[in-house]
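Here's the structure we're looking at; comments come further down.
The values are calculated or read from the model by the stated rules, or taken from the named source; none is laboratory data. What you see is a predicted model; the values in this text were computed from it and never measured. Quick reminder, even Gly has a Cβ in these numbers, built from the backbone with ideal geometry, and neighbours come from all protein chains shown.
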Amino acid sequence: MYKNLALINGVILAIMVFFNGLLASITGPYISTLIYHLLGLLLIILISIIKRNKFSNLKEIPLIFFLPGILSVVTILLNNIAIPKIGVTLAVGVGLFGQLVMSSLVEHFGLFEMPVNKLKKGKMVGLSIISLGIIVMITM
């Protein structure tokens with residue numbers, strides 16, 4: 001089930017990146033990033049109201065846990081800048097490759113208190129094949 005959720009998430013991300021790029025070509029990368037985050041804020045407020053979620057005491061949350069919000073803005077902004085120049089497919093492909101490399105390093109070394117999951121031969125072969133595909137996409 002969780003692998004299916006990850007697949008659905010990948011499809012949604014590709015659609016999101018496509019529309020982000022379209023809006024960025026009309027409004028510019030900064031305004032489009034602002035629009036998407038404001039819409040996201042409104043949606044999560046609505047969902048939180050419907051689900052009757054309670055606000056945590058923000059003072060009790062370590063500052064590092066706010067980093068993903070900043071990284072989310074940077075990620076969408078970088079996509080909005082890159083997509084008009086290199087296209088959606090290459091932006092998504094290179095971005096996913098970056099995610100694979102970073103997540104492999106995090107797991108291999110147990111960074112951010114993640115359990116250690118050493119890189120095995122199969123993963124290395126898979127990453128090599130993906131690397132080759134990205135190189136072909138970039139050069140052709």
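Quick rundown of the values:
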item: Members of segment 82-116 that are farther than 21 Å from P68 by Cβ and among the polar types (S, T, N, Q); result: T89
item: Residues (loosely packed, with under 15 Cβ neighbours inside 10 Å and within 15 Å of I15 (Cα to Cα)) located in segment 85-96; result: G87, T89
item: Among residues of segment 97-115, those that are loosely packed, with under 14 Cβ neighbours inside 10 Å and either assigned by TED's automatic domain parsing to the domain that holds L13 or over 27 Å from G28 (Cβ atoms) (or both), counted; result: 11
item: Test: residue in segment 74-83 that is in the same structural domain as V11 (by TED's automatic domain parsing), without any contact (Cβ under 8 Å) to a residue 24 or more places away in the chain, surrounded by 14 or more Cβ atoms within 10 Å (Cβ to Cβ) and closer than 19 Å to N9 by Cα; result: yes
item: Near pairs, Cβ below 8 angstrom, 6+ apart or cross-chain, from segment 89-115 (closer than 19 Å to S128 by Cβ) to any residue that is part of a helix (DSSP H, G or I) and acidic (D, E); result: none
item: Filter result for G21 (touching a helix residue (DSSP H, G or I) at 6+ places or on another chain (Cβ under 6 Å) and not assigned by TED's automatic domain parsing to the domain that holds V136); result: yes
item: Hits in segment 116-139 (condition: touching a residue at least 40 places away in the same chain (Cβ under 8 Å) and either hydrophobic (A, V, I, L, M, F, W, C) or closer than 30 Å to T27 by Cβ (or both)); result: I134, M137, I138
